[in-house]
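The values are calculated or read from the model by the stated rules, or taken from the named source; none is laboratory data. Everything numeric here is computed off the predicted structure, so don't read it as measured data. For neighbour counting, all protein chains shown are included, and Cβ atoms are generated from backbone atoms with ideal geometry for every residue, glycine included.
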């Protein structure tokens, strides 16, 4: 089952809440780690786009600041593409004047 299909399914407890039971469901389906990684990527992409908008940085200008191509930047900003390297995220963060922080939970 794909991550998208798994994310669309609702797991409802007797009280009607969704929470750790949903995490359990994702683990049972074998997509928990993939889902977590994709969610983290989507959050970072959203933050980068917000900073770009706030500072009026176009995609072309952003790519130049990162010393990469516009198509590479498009792949980075694609929230459905989980493939990204930390050094690329770090360059993107620095290009908008921010720092990338990675931590283990």
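Please work out which one of (1) at pLDDT 95 or above; (2) in a loop (DSSP other than H, G, I, E, B) is the condition residue 13 fails and give its number.
The number of the failed condition is (1).
Does any residue of the stretch 59-73 turn out to be within 22 Å of residue 36 (Cα to Cα), touching a helix residue (DSSP H, G or I) at 6+ places or on another chain (Cβ under 8 Å), in contact (Cβ under 8 Å) with a residue 24 or more places away in the chain and buried (at least 16 other Cβ atoms within 10 Å of the Cβ)?
no
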